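One structure is given below, encoded as structure tokens.
The values are calculated or read from the model by the stated rules, or taken from the named source; none is laboratory data. In this text the structure is predicted, and so the values were computed from the model without any measurement. FYI the Cβ positions are ideal-geometry reconstructions off the backbone, even for glycines, and counts take in every protein chain you see.
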Amino acid sequence: MKSMMVFCLSFLTLQAYEYHLKPVELAKDVYCFFGAPENISKENGGNMVNTCFVKTKEGFVVIDSGPTFGYAQQAYTQMQEIAKLPVKFVINTHDHDDHWLGNSFYKSKGALLMGPKTYEQNVIPGMTTRMAKSVGKEIYAGTEVVKLDRVVDQYYDFTIGGTAFAIKQLVDKAHTKGDLIVYLPQKKVLFVGDLVFNDRLSSLRDGSIIGSLKALDLIDSMHAEVIVGGHGYATDSNATQVFKRYLIEMKKQILEALSDDVGIDEITKRVVMPEYKHMKLYDVLHRRNVFDAYSELEMYSEDEE
């Protein structure tokens with residue numbers, strides 16, 4: 001009987017989705033796993049997001065826990081290869097599910113979960129997530145939606161194992177209404193979640209083009225040496241620039257179209273921005289971004305900035 005149980009467990013392990021996670025060290029004791037710059041799919045198991053962890057003398061701090069229980073479990077295995085330390089805290093940068101569905105694994109390991117007020121408002125235990133629908137039951141197995149232990153409202157800082165962490169919401173609405181950044185002042189490393197995209201386009205569906213540009217300016221003003229976005233591979237001090245140029249040019253073209261009385265039914269034909277067609281997910285996201293930005297900029301006044 002015992003041998004049969006061992007066989008079954010081994011079989012299940014072999015059948016588990018393998019994420020092939022490889023941590024990249026960006027600064028001393030600061031590591032990230034980089035997901036593919038593409039949409040969620042069963043083929044990638046939801047691994048299209050960047051997640052990170054920081055080693056301190058007392059334990060690890062995770063920034064975004066990833067798309068599934070299995071992903072977090074495999075990330076934890078990689079951490080333990082670096083140091084046999086517990087995960088003390090998990091910080092969720094916003095409430096889009098590809099960034100936090102590994103929470104239940106870390107909760108089972110005793111970690112304290114932190115995140116924005118929008119997580120508390122929008123994430124409900126038992127809810128059906130976009131990830132579950134996209135990757136299927138086998139890959140999603142074991143994943144549960146869990147509550148936060150601490151909601152960060154505007155600002156929170158702490159120090160663990162000699163490493164200082166500062167968590168802050170820069171603006172009221174950017175990618176979402178609850179985007180948090182995590183800054184390591186001693187290391188000049190900044191985790192910005194989906195306020196910054198590289199190698200693919202972002203979506204403005206839950207956000208604001210004006211707020212996003214304000215947030216990007218504030219990120220640049222911090223002069224971090226390492227800037228880690230939620231998607232994409234660029235992490236140097238100029239990591240904001242491609243996305244920033246995209247939004248600036250979109251805003252400019254939409255405002256010009258508005259002054260020419262171009263209606264919402266024609267705006268996506270006017271603001272094509274072909275110089276960004278090479279970026280991944282352009283065909284999926286650009287037209288909707290223009291539509292959403294137009295709806296916001298119709299009521300725009302520079303006096304409000």
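With respect to the conditions (1) surrounded by fewer than 19 Cβ atoms within 10 Å (Cβ to Cβ); (2) within 29 Å of Gly126 (Cα to Cα); (3) at pLDDT 95 or above, Thr13 lacks only one, and its number is (3). Within the stretch 263-272, none of the residues are closer than 15 Å to Ile210 by Cβ and in a helix (DSSP H, G or I). Only one of the listed residues (Asp157, Asp153, Asp179, Asp149) is within 21 Å of Glu120 (Cβ to Cβ), charged (D, E, K, R), out of contact with any Phe, Trp or Tyr (no Cβ under 6 Å at 6 or more places or on another chain) and in contact (Cβ under 8 Å) with a residue 60 or more places away in the chain. That residue is Asp179. A search for C-beta distances below 7 Å between a residue of the stretch 53-73 that is touching a residue at least 12 places away in the same chain (Cβ under 8 Å) and charged (D, E, K, R) and any residue that is surrounded by fewer than 24 Cβ atoms within 10 Å (Cβ to Cβ) and outside any strand (DSSP E or B), counting only pairs 6+ apart in sequence or on different chains, returns Lys55/Asp29; Lys55/Ile82; Lys55/Ala83; Lys55/Leu85; Lys57/Gly161; Lys57/Gly162; Glu58/Gly161. Does Ala174 satisfy the criteria of being under 22 Å from Glu249 (Cβ atoms), touching a helix residue (DSSP H, G or I) at 6+ places or on another chain (Cβ under 8 Å), at pLDDT 95 or above and not polar (S, T, N, Q)? Spelling it out, Ala174 is indeed under 22 Å from Glu249 (Cβ atoms), touching a helix residue (DSSP H, G or I) at 6+ places or on another chain (Cβ under 8 Å), at pLDDT 95 or above and not polar (S, T, N, Q). Within the stretch 114-142, restricting attention to residues that are hydroxyl-bearing (Ser, Thr, Tyr) and under 18 Å from the mean Cα position of the chain (by Cα), the residue that is farthest from Phe191 (Cα to Cα) is Ser134. Restricting attention to the stretch 98-115 and to residues that are of a type outside the set (A, V, I, L, M, F, W, C) and assigned to a loop (DSSP other than H, G, I, E, B), the residue that is surrounded by the most Cβ atoms within 10 Å (Cβ to Cβ) turns out to be Gly102. Being surrounded by fewer than 19 Cβ atoms within 10 Å (Cβ to Cβ) and aliphatic (A, V, I, L, M) is the filter; apply it to the stretch 116-131 and report the residue that is farthest from Leu170 (Cα to Cα). Of everything passing the filter in the stretch 116-131, Met127 is farthest from Leu170 (Cα to Cα). Is the stretch 83-97 home to any residue that is in a helix (DSSP H, G or I), touching a Leu at 6+ places or on another chain (Cβ under 8 Å), of a type outside the set (S, T, N, Q) and buried (at least 17 other Cβ atoms within 10 Å of the Cβ)? The answer is no, given that none of the residues of the stretch 83-97 is in a helix (DSSP H, G or I), touching a Leu at 6+ places or on another chain (Cβ under 8 Å), of a type outside the set (S, T, N, Q) and buried (at least 17 other Cβ atoms within 10 Å of the Cβ).
Here is a yes/no grid of residues against (1) surrounded by 13 or more Cβ atoms within 10 Å (Cβ to Cβ); (2) aromatic (Phe, Trp, Tyr); (3) modelled with pLDDT of 95 or more:
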position	(1), (2), (3)
Ser212	yes, no, yes
Met222	yes, no, yes
Gly232	yes, no, yes
Lys251	yes, no, yes
Asp265	no, no, yes
Lys280	yes, no, yes
Val290	yes, no, yes
Met299	no, no, no
Glu304	no, no, no
